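The values are calculated or read from the model by the stated rules, or taken from the named source; none is laboratory data. Everything quoted here is computed from the prediction, not taken from an experiment. Quick reminder, even Gly has a Cβ in these numbers, built from the backbone with ideal geometry, and neighbours come from all protein chains shown. Heads up: the accessible areas ignore ligands, DNA and RNA and are worked out on the full protein's heavy atoms, side chains in. Shrake-Rupley method; radii C 1.70, N 1.55, O 1.52, S 1.80 Å.
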Amino acid sequence: MRARSGIATVVLIGALPIALIVGVWHVLAATGMAPPSLLPAPSAVAARLVQQWSSPAYLEHAASTLLRLFAGFGIAVIAGIAIGVAVTASRWVGATVTPLVRVLAPVPKIALYPAFILTLGFGDASKIALVVADAVFPILLATAQGTAAVEPKLAWSAQAAGASRWRCLLTVVLPAALPSVLTGCRIGLVISCIVVFLAEMITSTDGLGHLLVRAARSFQTVDMFVPLITISLLGLLLNAGFNAVRRRLLAGFPETTE
Amino acid sequence: MTRPVSALAAVIAAAGLLAAWELAAWLAGIDGFPPASRALAQIPRILTDGEALLDIAASVQRMAVGFVLGVAAAVPIGLTMGRSRHVAAFFNPLLMMIYPVPKAALMPIIMLWLGVGDASKTLVIFLGVTLPVIYHSYQGSRAVEQKMLWSAAAMGMGGLSRLVRIVLPAALPEILVGCRTGLVLALITMVTSEMIARQAGLGNILFNALDMAQYDTVYAMIVIVGVLGFVLDAAFERLRARLVAWAAPSHAIIAGTT
Amino acid sequence: MIAIEAVSKTFETEKRRRLPALCDISLAVAAGEFVSILGPSGCGKSTLLYIVGGFVAPSAGAVTVNGQRVTGPSPDRGPVFQEFALFPWKTVLGNVMYGLQRQGVARQQALARARELIAMVHLAGYENLYPKELSGGMKQRVAIARTLAYRPSILLMDEPFGALDAHTRTRLQNDLLDIWERDRKTVLFVTHSVEEAVFLSDRVVTMTRAPGRLKQIIAIDLPRPRSRAALLLDRRFQDYVVGIERLMDSADSGAPA
């Protein structure tokens, strides 16, 4: 009943703080309370944003960031789901992997970055490895917890119908755990987005993170905002895309609040 | 993965990791990947070096301040969001936009405004902590039984007192899950921001050693940061378990990154 | 056909405490017989059914079906659970097709058989809905069709109508009897409703409180096919129900329910 007008109100209320921030930002810049070298006007940032997004050089940087992001995230999804399922399926794997994960999960993976640089070099490989190291844990944990929580009677129904152990794992346990697995993947996706940017800031010769550091070194304040806004929008876009895929995959599942 | 891991299993896992590292390093035989024994031998030297110790202490202090301030700001916001649809609608889109932005990446801009001192680093840690704590407080507060609040209102409790005396304790288990994620994030943000600012602290020592090709020290620092992460997480988990012994155990996915 | 021989089951709790659930159960069920297992909640009657299904291993004793010892699930014994246990990501048709695909039935034949079964449980037209879009009674009809699809010779029914409202429950009981009259599968039916057990069964097996032991087996000598309306007025039906209720009550001397 209240759906239409309700949604409109929600959107309006939600736009409020963002408009407020941009407004205050505009006033600060326009009145000269903040010098442009410290805080450029929002209009200047927006103009630069549009200019950069149509510049092939900038898009190339964005492309290398995306390439590392997807490579790392892809490996993390495959490894995380495979290990997570194995933890539930095999008592032996579970007993080995669970304490390892318990020890490694709270370790700040970014600290491993120097080790990746030393063993894999300064190129893409070390950055992708860092993304994998960071993104794999939420996916692995969500998969292990999700598959362990599957109602055993679902698996029994499949086994009684003649499904082998592996068949049952792949056609029943994993799909039944899909809501949890996808939640883990979404967390992993945002983490990938963040980590790839940070790795590029620490050492890189290309990518969005590198652009931010390069702008900071030459005190080009406007150019510092552009990659930050790009990565934020990229994150929102990827998240929205992921949610669309998720809705399709979970068509039969009862609604969950997320 | 749903059962807690015994301390013995964690110790065995850690020992296994070190043994695997030692073996892999001997097999690889490259400068950039020293065996565990050589890296571990450096730890006493680092931890008895007064200057390094002071650096680490300063890092940890900034982390603690950022964490406490972050929790203090985030819990009230999250709790009110959970009880009021309008407040939730106000904050949600803003938080969604901030979510994929790497907080440590704000370091160059914040340094421009606040200088390279403690204030910038603490602010970045604060930002890193708030998001997960807000999110979990929000979820916890939203899940509080409406009928519990009706009973409280019938007893004559006002709005604020209901929030503090009913919603806060009821949402505490979930809030503490957020704090646990926040704590890991505080450490990660701290290390990362120091890697980017390259001025003082753990992250700086790590990269200075990398620059000077002191590979044993690099790996020793990685171990120190890793152990710090594990110990902080384990200590907090213990505190959490004691504070909310009445609640069902939670198996939150530790999703940590800035 | 089903022979349960001296089966016991003890569960181990997390703190290494041993909880006896079933104690020395022996029971033989003939082919085509409809047998109900009746007992108070927590008496282990569902566990007994899971052991016959091969889902849970007994701590002692054995179950044989047609002389073969049960070591795991088999399409020969189809379960129907109180919780329906439908696959939420599959449609009604997809759920009913699952077992046929596992049996290697060709797609066209499987489709035809699935549609036939869906019609038999009065769900024609609902093929493409997901379980979440169905009522409880409809979900259980799908679950029954899914199990019948792979033609088990034994049905293991675990309080299948326990989660349904009274009206839906009687309708499904009638439908189940209709289906059963056609090919007279062997049915092992767990319930805690005395009336349901008497209405459906050839024999009713009563169990004691935990740890569950066999108490008494009552043969229900009522004509088939049975009609609920006629039975409710039948003195013999009433006698069975009252007699079994008294029997169950006598076991509960001690703790109040």
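Restricting attention to the stretch C:13-96, which trypsin sites (Lys or Arg not before Pro) occupy a DSSP loop and are surrounded by at most 11 other Cβ atoms within 10 Å? Don't skip to the answer; put the middle values down first.
Details: sites: C:Lys15, C:Arg16, C:Arg17, C:Arg18, C:Lys45, C:Arg69, C:Arg77, C:Lys90; in loops: C:Lys15, C:Arg16, C:Arg17, C:Lys90.
Here the sparse-neighbourhood loop sites are C:Lys15, C:Arg16, C:Arg17.
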- Message: Starting from the 7 Å offset along Cα-to-Cβ, what nm value, one decimal, do you get for the label separation of A:Arg91 and A:Gln51?
- Response: 6.8
- Note on the structure: Comparing B:Ile109, B:Ile77, B:Ile224 in a Gaussian network model of chain B (Cα, 10 Å), the one with the largest mean-square fluctuation is B:Ile109
- Task: Check every DSSP H run in chain C and write down those whose alpha carbon atoms cover 18 angstrom or more along the long axis and whose mean Kyte-Doolittle hydropathy is 0.0 or greater.
- Result: C:136-149
- Dividing the helical contributions, -39500 (n - 2.57) per DSSP H run of n ≥ 4, by the residues of chain A yields a 222 nm value, nearest 500 deg cm²/dmol, of -26000 deg cm²/dmol
- Along the dipole axis of the protein assembly as shown (charges at Cβ: +1 for Lys and Arg, -1 for Asp and Glu; origin at the Cα centre), the most positive-end residue among B:Ala220, A:Pro254, A:Gly14 is A:Pro254
- D for chain A, whole µm²/s, Stokes-Einstein with Kirkwood Rh over alpha-carbon pairs at 4 °C and 1.567 mPa s: what number? 61
- Query: For the stretch A:93-161, what is one quarter of the convex hull surface built on the Cα atoms, given in nm²?
  - Reply: 6.4
- Query: Of the residues A:Leu228, A:Leu66, A:Leu237, which exhibits the maximal mean-square fluctuation in a Gaussian network model of chain A defined by a 10 Å Cα contact cut-off?
  - Reply: A:Leu237
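What are the equivalent ellipsoid semi-axes of the stretch B:136-247, built from the alpha-carbon gyration tensor (square roots of five times its eigenvalues), in whole angstrom, biggest first?
They are 44, 14, 8 Å, listed largest first.
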- Gained length - C:Arg246 relative to C:Ser153, 0.36 nm times residue gap less alpha-carbon distance: 30.1 nm
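What is the magnitude of the charge dipole of chain C about its Cα centre, with +1 placed on the Cβ of each Lys and Arg, -1 on the Cβ of each Asp and Glu, and no other charges, expressed in debye to the nearest 20?
Working: 33 positive and 26 negative charges, 122 e Å.
Charge dipole of chain C: 580 debye, to the nearest 20.
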- Message: Ignoring everything except DSSP H segments at least 4 long, calculate the 222 nm mean residue ellipticity for chain B; use -39,500 (n - 2.57) per segment, divide by total residues, nearest 500.
- Response: -26000 deg cm²/dmol
- Task: Please provide three numbers in whole Å: the alpha-carbon extents of the stretch C:86-151 along the principal axes, with the largest listed first.
- Result: 30, 22, 18
- Message: Relative contact order of chain B, please, whole-number percent, based on alpha carbon pairs below 8 angstrom and at least 6 residues apart.
- Response: 24
- Message: Quick check for me: using +1 on Lys/Arg Cβ and -1 on Asp/Glu Cβ, what's the dipole size of the protein assembly as shown about its Cα centre, in debye to the nearest 20?
- Response: 1280
- Message: Against the 2.2 N^0.38 Å scaling, with N counting residues, where does the stretch C:136-213 land? I'd like the Cα-based Rg ratio to two decimal places.
- Response: 1.12
- Task: Determine Rg/Rh for the stretch A:63-181; Rg is computed over alpha-carbon atoms and Rh is the Kirkwood hydrodynamic estimate from the same atoms.
- Result: 1.08
- For the stretch C:57-82 and the stretch C:101-137, what is the separation of their Cα centres, given in Å? 26
- Report, in cubic angstrom per residue, the convex hull volume of the C-alpha atoms of the protein assembly as shown. 218
- Task: Would you mind calculating the relative contact order of the stretch C:86-151 from Cα pairs under 8 angstrom and at least 6 residues apart, reporting the percent as a whole number?
- Result: 51
- Message: How high is the relative contact order of chain A? Use alpha-carbon pairs under 8 Å, at least six apart in sequence, and give a whole percent.
- Response: 22
- May I have the count of lysine pairs in the protein assembly as shown with C-alpha atoms under 12 Å apart, counting pairs 8 or more residues apart or located on different chains? 4
- In square angstrom, rounded to the nearest 10, how much accessible surface does A:Leu67 have for a 1.4 Å probe? 110
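I'd like the Kirkwood hydrodynamic radius of chain C, using the inverse of the mean 1/r over distinct C-alpha pairs, in Å. Numbers along the way, then the final one.
Details: mean 1/r = 0.0522 Å⁻¹.
Answer for chain C: a Kirkwood hydrodynamic radius of 19.1 Å.
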- Charge dipole of the protein assembly as shown built from unit charges on the beta carbon (Lys, Arg +1; Asp, Glu -1), centred at mean Cα; most positive-end Cα among A:Leu38, A:Thr171, A:Phe116 is A:Thr171
- Query: Can you give the accessible area of C:Asp183, probe radius 1.4 Å, in Å² rounded to 10?
  - Reply: 90
- Note on the structure: Everything considered on the Cα gyration tensor (a ≥ b ≥ c; rounded for a/c under 1.5, else prolate if a/b is larger than b/c, else oblate), the stretch C:9-56 must be described as prolate
- Zone of B:Leu47's modelled label, taken as backbone nitrogen in the stretch A:95-121 under 18 Å from a point 7 Å along Cα→Cβ: A:107-108
- Note on the structure: Applying the span-like rule to chain A (DSSP H, Cα extent along axis at least 18 Å, Kyte-Doolittle mean at least -1.0) gives A:3-30, A:56-89, A:91-104, A:124-148, A:178-202, A:221-249
- Note on the structure: Projected onto the charge dipole of chain A (unit charges on the beta-carbon of Lys, Arg, Asp and Glu, signs +1, +1, -1, -1), the Cα from A:Thr147, A:Thr65, A:Ala79 with the largest positive-side position is that of A:Thr147
- Task: Treat chain B as a sphere of radius equal to its Kirkwood radius over Cα pairs and apply Stokes-Einstein at 25 °C in a medium of 0.890 mPa s; give the translational diffusion coefficient in µm²/s, rounded to a whole number.
- Result: 120
- So, for the Cα atoms of the stretch B:1-131, Rg and Dmax in Å stand at 21.3, 61
- Item | Heavy atoms of C:Asp202 accessible to a 1.4 Å probe, total area in Å² rounded to 10 | 40
- Note on the structure: Everything considered on the Cα gyration tensor (a ≥ b ≥ c; rounded for a/c under 1.5, else prolate if a/b is larger than b/c, else oblate), the stretch B:67-220 must be described as prolate
